[in-house]
Amino acid sequence: MGLFDILTGRRKVKQPAESRLFAMSTAAVTLEMSLGLKDAGKAAIVFQPLATADFTSIVDDMEEVLRGTGEDTGTEIEKTDDAFGYRWMVLSDDDFEDLVVGVNVISQALQDGGYGERILCAVFAFRDEQDQAVYWIYNYKRGTYYPFVPAGGDQRRDNERELRLRAQIGNELPIESELERWFPLWGIPI
Amino acid sequence: MARPTSFGKDTGLQLRMTFTLFLLGLVYVVLIVALLASGANGVLVAVIAGGLAVFQLFGSDKLALRAMGAREVTPAQAPELHAMIDRLCVQADLPKPKVAVADTRMPNAFALGRSPKNATVCATTGIMELLSPAELEGVMAHELTHVANRDVMVMTLASFFATIAAYVVQFGFLFGGGHGDDDDNPSAMVLFLVSIAVYVISFFLMMALSRYREFAADRGAALITGRPSALASALTRIASGMDRIPQRDLRAQQELAAFYIFPPGAGKAIGALFSTHPPMEKRLAALQRLEMQLQGTA
């Protein structure tokens, strides 16, 4: 935001950064081979559903396309609305590559419809050897990933594990450099 | 591809704000010239006021929070508020501010801090009980827009020279008296008169600026949440809740009031020119226009 924008209080909601979503396709291999993190066969994309006819029709069309291709790829879709009014499109597929593609289809459809700024994030679920959930969250606005490991109990996260994951994954994922932007997402339904 | 954003531009608001800033700058240039012309005393006052402004920018957050009886809360203490702000921060592309809660029945919220990295947003327990989650989200998005727009910084800087003018007016006699009783001390007299004029004019300009920034924050909140009507609903609900609050609870200072979602004491019949916040009907009308743009009916 420039000085003039600050002085005149001009706000624009940031549009998604250049997509680096697909970095996850290759990183998933490393995660499984060297870190023992197996993908849970589920991914989700979270966005704010606008209560307008235009937005609803875009989402409906996109869902139809996904269900159509899902018959070939075996990807299943579920949608839920959370307590904060955000919509979760949850994709299930044993082929991880299909999950990334599916998430990209949804985000691309929203962006093409002019609603790219409504996308909150994408979430990829993994499980470690102890079947503990480990999530990688993709922030569309910044084009970065960060790890999120809920540590059981009341809204606690395993920061040590997250920081270690960042070091272990190295350059394979574009990692969010500012730790204060590693926003948690409690109650992830995958 | 299709439309770049779901909302149109608000060129009128931009123009009004730029014009106000321009006038404010003009008024202040006059004051600076008068200060320089009056010599050492004027410069001294400017330095003192500058020190105070810096103190205000860096030190006032904690004082203000304490004055409001607010305390910072951890995610474990206020999980829903934190989760809501987390999501809004992602949408608004902001770093996470500190989150505070003030234990008072008065339904209100405010933001503090000179920059997004040093910001605090505060909600009262009253507002969290009163509003539905979607309405509260609109209110918090309004406060986060204040943070993103750096409104504390802008208003502090905008009031800098008004503060100097106020000092000159208050200590005007010292200026005149310092030179003994020779009655031909025109520069001090001119400075005194200029300061009065600057103080009065800049007061109205600052109030106007504050109102424009409220509009900008309402608009920003609508952009972040995509739900202008939720914020409109929150505003009406707060306003009706505010009327029931007894007068003695309205203890906030004017400067703090500028960053409230809703000004305490708004029910009083004060002229629109003296107000830090735009009138309710205008805010609702602006939000209504945004909703119509969104629905494609505008």
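Once the range B:78-109 is narrowed to residues that are in contact (Cβ under 8 Å) with a residue 24 or more places away in the chain and surrounded by fewer than 18 Cβ atoms within 10 Å (Cβ to Cβ), the residue that is nearest to the chain's Cα centre (by Cα) is B:K98.
Considering the range B:110-138, and only residues there that are over 16 Å from B:A221 (Cβ atoms) and of a type in the set (V, I, T), the residue that is surrounded by the fewest Cβ atoms within 10 Å (Cβ to Cβ) turns out to be B:T125.
Can you name every residue in the range A:29-48 that is farther than 15 Å from A:A122 by Cα and not in a strand (DSSP E or B)? It would help to see each step written out before you state the result.
Here is the first cut: in the range A:29-48, the residues farther than 15 Å from A:A122 by Cα are A:29-38.
Hits for the range A:29-48 are A:V29, A:T30, A:L31, A:E32, A:M33, A:S34, A:L35, A:G36, A:L37.
I'd like the full set of residues that are surrounded by fewer than 18 Cβ atoms within 10 Å (Cβ to Cβ) and either closer than 17 Å to A:V100 by Cβ or within 11 Å of another protein chain (Cβ to nearest Cβ) (or both), limited to the range A:118-154. Walk me through how you get there before you give the answer.
Going residue by residue through the range A:118-154, those that are surrounded by fewer than 18 Cβ atoms within 10 Å (Cβ to Cβ) are A:127-133, A:143, A:151-154.
Passing the criteria: A:G143, A:G153, A:D154.
Taking first residues from the range B:210-231 that are more than 9 Å from chain A (Cβ to nearest Cβ) and over 28 Å from B:L24 (Cβ atoms) and partners that are surrounded by fewer than 24 Cβ atoms within 10 Å (Cβ to Cβ) and modelled with pLDDT under 90, the Cβ contacts under 7 Å between residues at least 6 apart in sequence or on separate chains come to B:P228/B:E291; B:P228/B:L294. Scanning the range A:42-57 for residues that are surrounded by fewer than 17 Cβ atoms within 10 Å (Cβ to Cβ) and either over 30 Å from B:P228 (Cα atoms) or among the β-branched types (V, I, T) (or both) gives a single hit, A:T56.
Screening B:D103, B:D93 for residues that are in contact with a helix residue (DSSP H, G or I) (Cβ under 9 Å, 6 or more places away or on another chain) and on the phi > 0 side of the Ramachandran plot leaves exactly one candidate, B:D93.
Each residue in the range A:107-157 was checked for being touching a strand residue (DSSP E or B) at 6+ places or on another chain (Cβ under 8 Å) and among the acidic types (D, E), and 1 of them qualify. Among the residues of the range B:145-157, those that are assigned to a helix (DSSP H, G or I), facing chain A (nearest Cβ under 10 Å) and in contact (Cβ under 8 Å) with a residue 60 or more places away in the chain comprise B:T145, B:H146, B:A148, B:D151, B:M153, B:L157. Within the range B:63-74, the set of residues being under 15 Å from B:M140 (Cβ atoms) and surrounded by fewer than 20 Cβ atoms within 10 Å (Cβ to Cβ) comprises B:V73 only.
Search the range A:58-101 for residues being charged (D, E, K, R) and within 14 Å of chain B (Cβ to nearest Cβ), and hand back the single one that is surrounded by the fewest Cβ atoms within 10 Å (Cβ to Cβ). Before the answer, list the steps.
So in the range A:58-101, the residues charged (D, E, K, R) come out as A:60-61, A:63-64, A:67, A:71-72, A:76, A:78-79, A:81-82, A:87, A:93-95, A:97-98.
Applying the additional criterion that residues be within 14 Å of chain B (Cβ to nearest Cβ) yields A:61, A:81-82, A:87.
Numbers: A:D61: 12, A:D81: 10, A:D82: 16, A:R87: 17.
My answer is A:D81.
Output yes when any residue across the range A:157-165 is within 11 Å of chain B (Cβ to nearest Cβ), out of contact with any Pro (no Cβ under 7 Å at 6 or more places or on another chain) and within 28 Å of B:P116 (Cβ to Cβ), and no when none is. So far as the range A:157-165 goes, no, none of its residues is within 11 Å of chain B (Cβ to nearest Cβ), out of contact with any Pro (no Cβ under 7 Å at 6 or more places or on another chain) and within 28 Å of B:P116 (Cβ to Cβ).
Which members of the range A:53-87 meet the condition of being among the polar types (S, T, N, Q), out of contact with any Asp or Glu (no Cβ under 8 Å at 6 or more places or on another chain) and at pLDDT below 90? Step through it out loud before you land on a result.
If we filter the range A:53-87 for residues that are among the polar types (S, T, N, Q), which is where we start, we get A:56-57, A:69, A:73, A:75, A:80.
Subset that is out of contact with any Asp or Glu (no Cβ under 8 Å at 6 or more places or on another chain): A:56-57, A:69, A:80.
Residue satisfying the conditions is A:T69 alone.
State whether one or more residues within the range B:9-24 are among the small types (G, A, S) and either closer than 18 Å to B:V198 by Cα or surrounded by 13 or more Cβ atoms within 10 Å (Cβ to Cβ) (or both). Can you show your working first?
Narrowing the range B:9-24 to residues among the small types (G, A, S): B:12.
Next, from what is left, pick out any that are either closer than 18 Å to B:V198 by Cα or surrounded by 13 or more Cβ atoms within 10 Å (Cβ to Cβ) (or both): none.
For the range B:9-24, residues among the small types (G, A, S) and either closer than 18 Å to B:V198 by Cα or surrounded by 13 or more Cβ atoms within 10 Å (Cβ to Cβ) (or both): absent.
Candidates are the residues of the range B:207-262 that are closer than 26 Å to B:M292 by Cα and of a type in the set (S, T, N, Q); the one that is modelled with the lowest pLDDT is B:S240. Which one of these is touching a helix residue (DSSP H, G or I) at 6+ places or on another chain (Cβ under 7 Å) and touching a residue at least 60 places away in the same chain (Cβ under 8 Å): A:F55, A:F96? None of the others qualify; the one that does is A:F96.
Determine whether B:A141 is crowded, with 20+ Cβ neighbours inside 10 Å, of a type outside the set (V, I, T), assigned to a strand (DSSP E or B) and at pLDDT 90 or above. Answer is no for this residue.
Per-residue answers, yes or no, for (1) closer than 22 Å to B:L223 by Cβ; (2) over 14 Å from the mean Cα position of the chain (by Cα); (3) without any contact (Cβ under 8 Å) to a residue 24 or more places away in the chain:
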{"position": "A:K14", "(1), (2), (3)": "yes, yes, no"}
{"position": "A:R20", "(1), (2), (3)": "no, no, no"}
{"position": "A:L31", "(1), (2), (3)": "no, yes, no"}
{"position": "A:A43", "(1), (2), (3)": "no, no, no"}
{"position": "A:V65", "(1), (2), (3)": "no, yes, no"}
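The values are calculated or read from the model by the stated rules, or taken from the named source; none is laboratory data. All figures in this text were calculated on a predicted structure; none of them were measured in a lab. Cβ coordinates were reconstructed from backbone atoms using ideal geometry, including for glycine residues, and neighbour counts include every protein chain displayed.
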